[in-house]
Amino acid sequence: MQQAVESLVRLLESYRGRDKVIRTMCYGSQLVGGVLSRKAEADVSSRQLGKSLLLFSAQLSHCRTVLRLFDDLSMLAYSHGYGFGAEEEDTVVRWISILNNVADQLYYPCEHIAWAADAELIKLKSDKWWLFSTVLWGTSLLLGILRSLRVLLLLKKKLKRCERDGTGSSRSRLHRQMQGELLSILSSMADLSNAVHWMPPGFLWAGRFPSWLVGLMGTTSSVIGLIQMNGGSNDQSESA
């Protein structure tokens, strides 16, 4: 029990860890709140609890939007460090990653402008800026899926070579990398389904998801993110 609490504290002490916890609570509240408020046979108190959870989810989402006001420089530093991906072995992975970084970099100022317009800090209509940010987010997710699929293909080729050479330690490492890429694909697909839902009506399934389904997709993605973060921490401790 104490070890679990200490792990949670360490997670909350980091910005990325805290964001993932808030994200999980945000979508989890939307999932439960959507189910409770949707049930026709639920009593008045259950429906009221559902509405309260949906309001709580909206506040957590707004909290994350405000916190992302300070993410531009870290994203710029990452993009600058990656550059044109000179260290990447595969050209396809390199260019997909570059485009992904561009989409991520443009996403933040679009979202900031939309937030500022909603807060009446600037005299603009926020609708088109929220649309721009959603399109950029969806583009980033799609590029991330394509990148992971390409990396999986490359890892499978490496795995076949390892099986021929009989290197067991390399096989286990490649299997872990492949599992990580599969989790990334599942996470991005869940988020992409929500990104399409938030597009203008008439585009695929835009606007058709009930609140509980948006919460389910987001919770799935968030839990996968926590698993990957925990796995990354374990790998670092093992290598140390």
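Checked across region 132-141, the condition of being modelled with pLDDT of 95 or more and more than 26 Å from T24 (Cβ to Cβ) holds for at least one residue. Annotation note: of V214, V135, V196, the sole residue that is out of contact with any helix residue (DSSP H, G or I) (no Cβ under 6 Å at 6 or more places or on another chain), within 30 Å of V32 (Cα to Cα), open to solvent by less than 50 Å² (accessible area, probe 1.4 Å) and among the β-branched types (V, I, T) is V196. Consider region 22-57 and keep the residues that are without any contact (Cβ under 8 Å) to a residue 40 or more places away in the chain and under 23 Å from I224 (Cβ atoms). The one that is nearest to the chain's Cα centre (by Cα) is M25. Checked against the criterion of being touching a Leu at 6+ places or on another chain (Cβ under 7 Å) and either under 20 Å from L213 (Cβ atoms) or open to solvent by 90 Å² or more (accessible area, probe 1.4 Å) (or both), region 1-8 contains not a single residue that satisfies it. Checking region 35-44 against the condition returns no match, with no residue being assigned to a helix (DSSP H, G or I), open to solvent by 50 Å² or more (accessible area, probe 1.4 Å) and under 20 Å from L141 (Cα atoms). Within region 9-22, which residues are assigned to a helix (DSSP H, G or I) and open to solvent by 30 Å² or more (accessible area, probe 1.4 Å)? Passing the criteria: V9, R10, L11, L12, E13, Y15, R16, R18, K20. Whether a residue is of a type outside the set (A, V, I, L, M, F, W, C), buried (at least 20 other Cβ atoms within 10 Å of the Cβ) and closer than 17 Å to Y78 by Cα was assessed, and S140 passes this test.
No other residue among S148, S61 is outside any loop (DSSP other than H, G, I, E, B), modelled with pLDDT of 95 or more and open to solvent by less than 30 Å² (accessible area, probe 1.4 Å) apart from S148. Considering L182, L124, L174, the condition of being among the hydrophobic types (A, V, I, L, M, F, W, C) and within 26 Å of V214 (Cα to Cα) is satisfied by L182 alone. Filtering region 94-132 to residues that are open to solvent by 20 Å² or more (accessible area, probe 1.4 Å), acidic (D, E) and under 21 Å from the mean Cα position of the chain (by Cα) leaves only D104.
The values are calculated or read from the model by the stated rules, or taken from the named source; none is laboratory data. No experiment lies behind these values; they were computed from the predicted model shown. Please note: Cβ atoms are built from the backbone with ideal geometry, for glycine as well, and neighbour counts cover all protein chains shown. Side chains included, ligands, DNA and RNA excluded: accessible areas come from the protein's heavy atoms. Shrake-Rupley method; radii C 1.70, N 1.55, O 1.52, S 1.80 Å.
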